[in-house]
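J.: Handing you this structure, nothing more for now.
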Amino acid sequence: MAVLGGLPAGSNFRPIEQADWPGVIACLCRGFPDRNPSYWEQALVKLFARPPVDDLPRCGLLLEVEGRIVGVVLTLYTRHAGDEGDAIRCNLSSLCLDPEFRPYATRLIAMMLRRKDVTYVNISPAPATVRINKALGFRILTSGQMMFLPVLSAVREAGRVLDVHSSLAELARLPQAHRNMLVEHAAMGCRALICECGGEMHPFLLKRRSLLHGVVPCHQVIYCPSLADLSHCAGLLGRHLMRSGILLCLVDANEPVPGLTGHYFADRAIKFVKGPNPPGPGDLTFTELAVFQS
């Protein structure tokens, strides 16, 4: 195959458009044969339904060679409100290229990294993607996971846990950014909770998952204000979660979390970040885990 400027002749990188979806889905199914076409169709619908951020791609980027889509990376851009102003975060997801075009994976990812004000995260890197991340300057965000039983944590002070819905009066006691985050993620199938204790309101987001090939149900922490907040509220959260019958939880961390009863697994579910405003451990808001998996 002829190569021009480091790329195959007749090829180009460009943003994914709605008209590209059949070819994008076919490429994703080749790259991830354990996912069926309906999964990817729903993922693209959810991506396109999200509010655009500046002029950034709505769904992601593709590599097209002679009219055929041979590579894809999906993107989830979100504008996060912070104390020092808004910050843009992008979850890079589902990178795949047909075998003969895999040498261009680094180029495909590099095309997404041009905005220096954007923070990029990769929460589910394949082994080959790990090498690409390191080559492109990504650093480790979290290097392991804590598996814990919150019901075994002591209740440190009296309080209560509330399930969030849009008309919950207590939402008014949270900052607007937290209110929006909880309500939006609840609509995406996350369990949105507020732990009220010590006169303070602590927001949490959980996503139901399963371990051991679907045999053991658990909750993944999608958001906690900090791991210290999670530890402080774990006892109350655990007793509230007993009603659902799901007692096991997972949270990303770099070491065992004091106050959580369970086991820390190093070098598991490693997550990477590149950019000026990295999220804290336990913050997977508006990532593929929250948006795609309903």
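The values are calculated or read from the model by the stated rules, or taken from the named source; none is laboratory data. Values in this document were obtained by computation on a predicted structure and should not be read as measured data. In this analysis, Cβ positions are derived from the backbone assuming ideal geometry, glycine residues included, and neighbour counts consider all displayed protein chains. The accessibility values were calculated without ligands, DNA or RNA, using every heavy atom of the protein model including side chains. Shrake-Rupley method; radii C 1.70, N 1.55, O 1.52, S 1.80 Å.
J.: What tally of residues in region 188-197 results from selecting those that are over 23 Å from VAL155 (Cβ atoms) and modelled with pLDDT of 95 or more?
T.: Here the count works out to 1.
J.: Let me ask something else. Part of a helix (DSSP H, G or I) and either touching a residue at least 40 places away in the same chain (Cβ under 8 Å) or buried (at least 17 other Cβ atoms within 10 Å of the Cβ) (or both): is that true of THR142 in this structure?
T.: It is false that THR142 is part of a helix (DSSP H, G or I) and either touching a residue at least 40 places away in the same chain (Cβ under 8 Å) or buried (at least 17 other Cβ atoms within 10 Å of the Cβ) (or both).
J.: What are the residues in region 22-73 that are under 18 Å from the mean Cα position of the chain (by Cα) and among the small types (Gly, Ala, Ser), if any?
T.: ALA43, ALA49, GLY60
J.: Only residues that are in contact (Cβ under 8 Å) with a residue 60 or more places away in the chain and in a loop (DSSP other than H, G, I, E, B): list them for region 153-174, please.
T.: SER153, ALA154, VAL155, ARG156
J.: Could you give every pair whose Cβ atoms fall below 9 Å, whose first residue belongs to region 241-254 and is at positive phi, and whose second residue is in a strand (DSSP E or B), counting only separations of at least 6 or pairs across chains?
T.: Short answer, once both residue conditions are applied: GLY245/PRO217.
J.: Now for a different question. Report those strands (runs of 3 or more DSSP E) wholly inside region 37-120 carrying at least 1 residues which are open to solvent by 50 Å² or more (accessible area, probe 1.4 Å).
T.: 68-80
J.: State which residue is least open to solvent (accessible area, probe 1.4 Å) when the search covers only region 198-250 and only residues that are hydroxyl-bearing (Ser, Thr, Tyr) and either within 23 Å of GLU157 (Cα to Cα) or part of a helix (DSSP H, G or I) (or both).
T.: Looking at residues that are hydroxyl-bearing (Ser, Thr, Tyr) and either within 23 Å of GLU157 (Cα to Cα) or part of a helix (DSSP H, G or I) (or both), I get SER231.
J.: Residues to consider are LEU227, LEU236, LEU260, LEU241; find the one that is of a type in the set (A, V, I, L, M) and closer than 30 Å to ASP117 by Cα.
T.: Only one candidate passes the filter, namely LEU227.
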